[in-house]
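One structure is given here, and the rest of the page talks about it.
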Amino acid sequence: MIDYKIREMKECDWQDYRSIRLDSLKDSPDSFGSTYEREVSFSADQWKARLRLSPTIHDAVAYAAIIDQACIGLCSCVISTPGAKIASLYQMWVSPPYRGSGVGSALLGRATRWAVSKDVKCIRL
């Protein structure tokens with residue numbers, strides 16, 4: 001069993017977020033709606049903006065799985081409109097050496113608990 005922690009990512013964590021997001025795009029380019037080539041050139045402000053709410057998002061959270069200060073997994077959950085009973089899961093990814101270790105389940109569990117606390121009844125991919 002590996003010893004990891006799940007942490008909510010905040011705007012101040014943008015460098016860690018950038019690192020794990022780019023790793024995920026390199027490893028699984030067909031799994032995301034963007035590309036490594038597009039996102040690698042994002043500015044610090046663009047990365048920070050991804051970790052805060054925008055006018056088109058009512059509520060959102062991003063979680064990272066961490067081992068020894070290194071991000072090994074990522075997922076986000078978004079509620080698009082106030083009062084919505086459906087949330088969407090985005091950018092779910094676990095680093096290949098940690099797949100099958102429970103990290104993905106832990107990330108999904110944390111995102112699910114967050115969504116339920118917001119009175120969401122369904123989470124979709």
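The values are calculated or read from the model by the stated rules, or taken from the named source; none is laboratory data. Worth saying up front: this structure is predicted, and the values here are computed from it rather than measured. Reconstructed Cβ throughout: ideal geometry from the backbone, glycine too, with neighbour counts over all protein chains shown. Ligands, DNA and RNA are excluded from the accessible area calculation, which covers all protein heavy atoms including side chains. Shrake-Rupley method; radii C 1.70, N 1.55, O 1.52, S 1.80 Å.
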Given (1) within 11 Å of the chain's Cα centre (by Cα); (2) on the phi > 0 side of the Ramachandran plot, number of the condition ILE20 does not satisfy: (2)
Residue tally, condition touching a residue at least 12 places away in the same chain (Cβ under 8 Å) and either in contact with an Asp or Glu (Cβ under 9 Å, 6 or more places away or on another chain) or part of a loop (DSSP other than H, G, I, E, B) (or both), over the range 18-35: 6
Evaluation of LEU74 against (1) without any contact (Cβ under 8 Å) to a residue 24 or more places away in the chain; (2) in a strand (DSSP E or B) (one fails), failing number: (1)
Residue match in the range 82-91 (condition: over 19 Å from ASP16 (Cβ atoms), assigned to a strand (DSSP E or B) and open to solvent by 30 Å² or more (accessible area, probe 1.4 Å)): yes
Some residue of the range 19-28 being closer than 24 Å to LYS121 by Cα, modelled with pLDDT of 95 or more and in contact with a strand residue (DSSP E or B) (Cβ under 6 Å, 6 or more places away or on another chain): no
Candidates ARG113, ARG99, ARG38 - the one that is open to solvent by 70 Å² or more (accessible area, probe 1.4 Å), modelled with pLDDT of 95 or more and over 20 Å from LEU125 (Cβ atoms): ARG38
